[in-house]
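Reading through the structure tokens given below for one structure.
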Amino acid sequence: MQWVTWETVGIDRMASAWLIVRHIDPDAEFAFLPKQAAPPAPAGAELFDIPGVRLSHRRGHCTFHTILREYGIQDPILERLARLVDEADTIQEVSLEAAAVGLDWVCRGLRKICRDDAEALRKGYSIFDGLYAYLGDEKGL
Amino acid sequence: MRQWVLLHYRVPPSPSARRVYVWRKLKNLGAILLHDSVWVLPDTAWTYEQFQWLVTEIADVHGEAMLWQAHLTLPGQEQTLINRFLAASEREYEPLWQALQQDAPDLSALSRQFQEVRRRDYFACSLGQQIYDALTRAREE
């Protein structure tokens, strides 16, 4: 399936694309619209992280968090990752994840050194694969 | 000429928790309220996105919001606005600076508070750098 979002991806869309590929649609193809373009919703495509669409920010939570809810994915490590992305991508009054800021900077920098958004998403997979592995065994017990 | 993002909005008066939620988010972003009507931030990819999502959150609670990009055209007004941001950061840094002058300050708490203020210190006020330097020195003493 085709998944469509605005160009110039950051942490929320990198994490969301990783979540889609690993847990929803392994053959996902991603396409990018110019920023602030009104979504044309191409037939058969799913829009994400664009204001007003189904898979977007909700109640102060990031798109990654919304996708977990919408697809009923239950995994405590992914919940923790959603918390991290929330704190990295939006202003939260409670901040519990010290890694959030660093993760945000890494994602922004990664986008800067990639030729295009597709490449940034692909390279981002390694970051979230690694983070998932780490959070699964955080204390090394 | 510098570009700014402007937000003005209306949220139904009750329940008041929603109004407080939006107001706190704006304060947390370090936005400045101009003439009791328009909130302003320097336009960056990050601030733009924060305002963009705040607009969707306001719509979710049946409020109305408009997001603008603008620049100041009269001579001197841009610097006046920048000075307001600098003064706002300075006011937030001041108690941290005072605390650092005391005997045996709580460096751990102060450095966390410092990070919080620095996030919204868009124009890097000089007191911020002084505190950064003082904290670095204190650690080495």
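The values are calculated or read from the model by the stated rules, or taken from the named source; none is laboratory data. From a predicted model like this one, the values you see are computed outputs, not experimental measurements. Note: ideal-geometry Cβ built from the backbone for every residue, glycine included; neighbour counts use all protein chains shown. Note: accessible area is taken over every heavy atom of the protein model, side chains too, but ligands, DNA and RNA are not part of it. Shrake-Rupley method; radii C 1.70, N 1.55, O 1.52, S 1.80 Å.
Summary table below
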quantity: Per residue convex hull volume, Cα atoms of the protein assembly as shown, in Å³; calculated: 176 Å³
quantity: Among B:GLY76, B:THR47, B:TYR21 - extreme Cα towards positive end, dipole of the stretch B:1-120, charges at beta-carbon; calculated: B:TYR21
quantity: Of the DSSP H helices in chain A, those whose Cα atoms cover at least 24 Å axially and whose Kyte score averages -1.0 or more; calculated: A:117-135
quantity: Cα gyration tensor shape of the stretch A:1-106, rounded if a/c is under 1.5, else prolate or oblate by comparing a/b with b/c; calculated: prolate
quantity: Chain A - mean residue ellipticity at 222 nm from DSSP helices (-39,500 (n - 2.57) per run, n ≥ 4, rounded to 500); calculated: -15500 deg cm²/dmol
quantity: Nearest 10 degrees, 0 to 90: helix B:77-101 Cα axis against chain B principal axis; calculated: 40 degrees
quantity: From the C-alpha gyration tensor of chain B, square roots of 5λ in Å; calculated: 32, 20, 12
quantity: Kirkwood Rh in Å, taken over all unlike Cα pairs in the stretch A:50-141; calculated: 14.2 Å
quantity: MRE, 222 nm, helices only [DSSP H, n ≥ 4, -39500 (n - 2.57), over chain B, to nearest 500]; calculated: -19500 deg cm²/dmol
quantity: Segment A:GLN36-A:VAL94, extension gain: residue separation times 0.36 nm, minus the distance between their alpha carbons; calculated: 17.9 nm
quantity: Solvent exposure ordering (accessible area, 1.4 Å, most first) of A:PHE48, A:PHE30; calculated: A:PHE30, A:PHE48
quantity: Cα gyration tensor shape of the stretch B:69-141, rounded if a/c is under 1.5, else prolate or oblate by comparing a/b with b/c; calculated: prolate
quantity: Spatially proximal lysines relative to A:LYS123 (Cα-Cα < 27 Å; intrachain offsets below 8 disregarded); calculated: A:LYS35, A:LYS112, A:LYS139
quantity: Set of lysines near B:LYS25 by C-alpha distance (under 21 Å), chain-local residues within fewer than 8 positions excluded; calculated: none
quantity: Under 15 Å, Cβ to Cβ, from B:PRO95 - net charge with Lys/Arg +1 and Asp/Glu -1; calculated: -3
quantity: Percent carbon-and-sulfur accessible area, the protein assembly as shown, ignoring ligands, DNA and RNA, probe 1.4 Å; calculated: 53 percent
quantity: Compactness relative to 2.2 N^0.38 Å, alpha carbon Rg of the stretch B:53-106; calculated: 1.87
quantity: Once the Cα gyration tensor of the stretch B:1-67 is diagonalised, semi-axes √(5λ) in Å; calculated: 20, 12, 10
